[in-house]
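Visitor: Just passing along the structure, written as structure tokens.
Every read-out reported here was derived from the displayed coordinates using simple, explicitly stated rules and does not represent laboratory data. Keep in mind it's a predicted model, so treat the numbers as computed, not measured. Positions of Cβ are backbone-derived with ideal geometry, glycine not excepted, and every protein chain shown enters the neighbour counts.
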Amino acid sequence: MAHDLNKALTGISGILVTPYGPDGDIAPQKLEPIIDRALAAGVHIPVVNGNTGEFYALTTNEACTMVREVVQMVGKRAPVLAGIGRGIRDACKLAEVTADAGADALMIHQPPDPFVSPRGTVDYVKAVSSASGGLPIMLYLRNDLIGTDNIRRLCDIEGVKGVKWATPNPLKLASAIAACDPSIVWVGGLAEVWAPPLYAVGARGFTSGLINVWPERSMAIHAALEAGKFDEANALIADMKIFEDVRAEELNGTNVTGVKAALLALGNDCGPTRPPSAWPLTESQQSSLEAFLKNNGLK
């Protein structure tokens, strides 16, 4: 059965963790129960090699293995979005492997190189697209300082279907939406907490690390936003905000730590995070996390 990629992208992009075994090596098989629960809850599009998957802590070979394994575990149940990034040669290698693995689309991380130019980024995206054989592309925008005109130039690249908008600037998002082709899909890239204000200016769907732990809540928030019930969505978000608050501490350095600590507390040991992410949570952070799990009936 062919999947409607546009519809899936306006749902929840569930950013999967990357599990590690006792030896510190990747252990993809540990994802199986997490993926099964997320898909059973209705999560629309699993994402491998995203930031919650510690993409920048993985070697390119590890990222290649993760996309192969996740595509196999998901099977035909949902489309798979796969993160692509780093230096151009690594990015093109990963794009080629991703296409061969059977992923449905690429999520191209905005290059973190200290000398990124907007026009060089256009060349980067075109090269990655070519290496993949033309898979559909979602741009992952974490820095809107490149300006609306350059965002439009990126969106005009053949094969770009949309943007995961990961900056807390709804008015700049509104300007970008107005400037670009109306077929572009704009997805809230800052998880549940920022979904309502981004929805208010035209985004649809959102990314989520919560789905590793509590996919049912993510789905309820999405349903409320799709129905235009912002009060209901905000109430649902308020009950899980402490989880996102823990993840945002230490300059966002506990972002993945919070997810993996919650999984560990729930009996899904996916290993620690890799440095420079913080591990483990501090005593106060762990106490807040335990309270969140208990108060919401997760533990």
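Visitor: For L16, only one of the following conditions fails: (1) over 14 Å from V71 (Cα atoms); (2) surrounded by 14 or more Cβ atoms within 10 Å (Cβ to Cβ). What is its number?
Guide: (1)
Here is a yes/no grid of residues against (1) free of Cβ contacts under 8 Å to residues at least 24 places away in the same chain; (2) crowded, with 16+ Cβ neighbours inside 10 Å; (3) small (G, A, S):
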residue: I184; (1), (2), (3): no, yes, no
residue: A191; (1), (2), (3): no, yes, yes
residue: V201; (1), (2), (3): no, yes, no
residue: N212; (1), (2), (3): no, yes, no
residue: P215; (1), (2), (3): no, yes, no
residue: L225; (1), (2), (3): no, yes, no
residue: T257; (1), (2), (3): no, yes, no
residue: G271; (1), (2), (3): no, yes, yes
residue: R274; (1), (2), (3): no, no, no
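Visitor: Mind listing just one residue for me: the one in region 41-70 that is of a type in the set (V, I, T) and crowded, with 20+ Cβ neighbours inside 10 Å and, of those, nearest to H222 (Cα to Cα)?
Guide: V43
Visitor: Identify the single condition in (1) in contact (Cβ under 8 Å) with a residue 40 or more places away in the chain; (2) under 17 Å from G11 (Cβ atoms); (3) in contact with a strand residue (DSSP E or B) (Cβ under 6 Å, 6 or more places away or on another chain) that I84 does not satisfy, given that it satisfies every other one.
Guide: (2) is the only condition that I84 fails.
Visitor: For region 187-206, which residues satisfy the criterion of being aromatic (F, W, Y) and assigned to a helix (DSSP H, G or I)?
Guide: Within region 187-206, W194, Y199 meet the criteria.
Visitor: Then there is this: Residues being surrounded by fewer than 18 Cβ atoms within 10 Å (Cβ to Cβ) and within 16 Å of R153 (Cβ to Cβ): count how many of those fall in region 173-182.
Guide: Of the residues in region 173-182, 4 are surrounded by fewer than 18 Cβ atoms within 10 Å (Cβ to Cβ) and within 16 Å of R153 (Cβ to Cβ).
Visitor: Any idea which residue in region 161-172 is nearest to S132 (Cα to Cα), counting only those that are buried (at least 23 other Cβ atoms within 10 Å of the Cβ) and free of Cβ contacts under 8 Å to residues at least 60 places away in the same chain?
Guide: V163
Visitor: Does L236 meet the test of being in a helix (DSSP H, G or I), closer than 16 Å to E192 by Cα and touching a helix residue (DSSP H, G or I) at 6+ places or on another chain (Cβ under 6 Å)?
Guide: Judged against the criteria, L236 is a match.
Visitor: Give L139, L135 a once-over and let me know the one that is assigned to a loop (DSSP other than H, G, I, E, B) and touching a strand residue (DSSP E or B) at 6+ places or on another chain (Cβ under 7 Å).
Guide: The match here is L135.
Visitor: Which number in (1) under 21 Å from the mean Cα position of the chain (by Cα); (2) of a type outside the set (F, W, Y); (3) in a loop (DSSP other than H, G, I, E, B); (4) under 30 Å from E96 (Cβ atoms) marks the one condition that I157 misses?
Guide: (1)
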